[in-house]
Amino acid sequence: MSADAKQWKKDKLRNLGVIVKEYEDDYSKAVEEGRKEASLDPNCHFIDDENSKDLLLGYATAATRLKNQLKGMSISVDEDHPLFVYLPCGVGGGPGGITYGLKLAFENDVHCFFAEPTHSPCMLLGLATELHDKVSVQDFGIDNKTEADGLAVGRSSELVSSMMTSILSGSYTIQDKRLFDLLRELAETEGYYLEPSALAGVYGPVQLFSSEEGKQYLKDQKLQEKMKQSTHIIWATGGSMVPKVMMEEYLTKS
């Protein structure tokens with residue numbers, strides 16, 4: 001794990017008997033070292049968020065489950081009932097796999113957006129420059145320091161970034177302060193307690209409906225007249241394992 005991962009996560013793993021190795025560099029360095037160590041053991045199969053097709057396809061199965069859930073709730077997804085999904089993104093394996101699966105399941109009727117911290121927008125930069133994993137946030141003078149530690153990645157997955165070029169609808173960034181504001185508001189109004197990283201997706205609908213870029217996207221895709229019957233899903237993971245004392249700290253942070 002990278003040294004900037006939350007201490008409670010490392011403590012939880014160690015309490016379960018896991019050997020945790022910390023690297024002072026960011027997530028990419030931790031994965032690089034893990035891959036090297038795994039290559040020395042013929043009985044070890046290394047799975048990571050950067051280049052593992054196994055992991056990407058595993059995440060893609062979420063689309064089938066979601067399709068069944070929507071059907072069970074009588075929620076239609078078709079040309080006149082578009083689906084919008086907002087996914088927090090770090091290196092890209094998780095949201096990339098989910099997006100891939102969703103596009104297979106719903107084709108042009110689903111619109112997926114990645115959400116990243118302003119200090120760690122590795123996927124956005126990789127896609128915007130078309131350099132994918134050949135560029136890092138540090139190349140742009142961005143420090144890759146964020147409270148959303150699950151998204152604190154300086155370089156995107158080449159596998160995912162290249163794949164998203166043709167199927168991702170868009171990306172946006174969010175400030176750390178807004179993550180904590182949304183965490184608090186969601187807890188107060190809905191009773192959901194999430195870790196900071198998971199709140200990045202919550203800002204998606206706001207961006208889509210209020211920003212000039214969002215409005216232009218709806219116009220370009222001829223979706224303006226269909227928004228009243230659209231469905232919006234915030235892909236919010238994490239929170240159930242956060243220690244109570246840590247969650248109380250999150251709720252008072254601004």
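The values are calculated or read from the model by the stated rules, or taken from the named source; none is laboratory data. In this text the structure is predicted, and so the values were computed from the model without any measurement. Note that each Cβ is placed from the backbone with ideal geometry, even for glycine, and that neighbours are counted across all protein chains shown.
Residues are listed down the side, and each one gets a yes or a no for (1) crowded, with 18+ Cβ neighbours inside 10 Å; (2) closer than 16 Å to Phe114 by Cα; (3) among the polar types (S, T, N, Q):
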position: Leu131; (1), (2), (3): no, no, no
position: Lys145; (1), (2), (3): no, no, no
position: Gly150; (1), (2), (3): yes, yes, no
position: Ser161; (1), (2), (3): yes, yes, yes
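Give me the residue from region 1-54 that is touching an Asp or Glu at 6+ places or on another chain (Cβ under 9 Å) and hydroxyl-bearing (Ser, Thr, Tyr) and, out of that set, nearest to Ser162 (Cα to Cα). The residue in question is Ser28. Given (1) at pLDDT 95 or above; (2) assigned to a loop (DSSP other than H, G, I, E, B); (3) out of contact with any Leu (no Cβ under 9 Å at 6 or more places or on another chain), where does Ile142 come up short, assuming only one miss? Failed condition: (3).
The condition of being in contact with a strand residue (DSSP E or B) (Cβ under 7 Å, 6 or more places away or on another chain) and modelled with pLDDT of 95 or more holds for only one of Val202, Val206, that being Val202. Only one of the numbered conditions (1) of a type outside the set (S, T, N, Q); (2) part of a loop (DSSP other than H, G, I, E, B); (3) in contact (Cβ under 8 Å) with a residue 12 or more places away in the chain; (4) within 28 Å of Ala128 (Cβ to Cβ) is not met by Lys222, and that is (3). Criterion applied to Tyr217, Tyr172 was being surrounded by 15 or more Cβ atoms within 10 Å (Cβ to Cβ), outside any helix (DSSP H, G or I) and modelled with pLDDT of 95 or more, and the one residue passing it is Tyr172.
Scan region 99-107 and give yes if some residue there is surrounded by 23 or more Cβ atoms within 10 Å (Cβ to Cβ) and within 11 Å of the chain's Cα centre (by Cα), otherwise no. Yes, region 99-107 has at least one match. Of all residues in region 181-192, none satisfies being assigned to a strand (DSSP E or B), over 15 Å from the mean Cα position of the chain (by Cα) and surrounded by fewer than 19 Cβ atoms within 10 Å (Cβ to Cβ).
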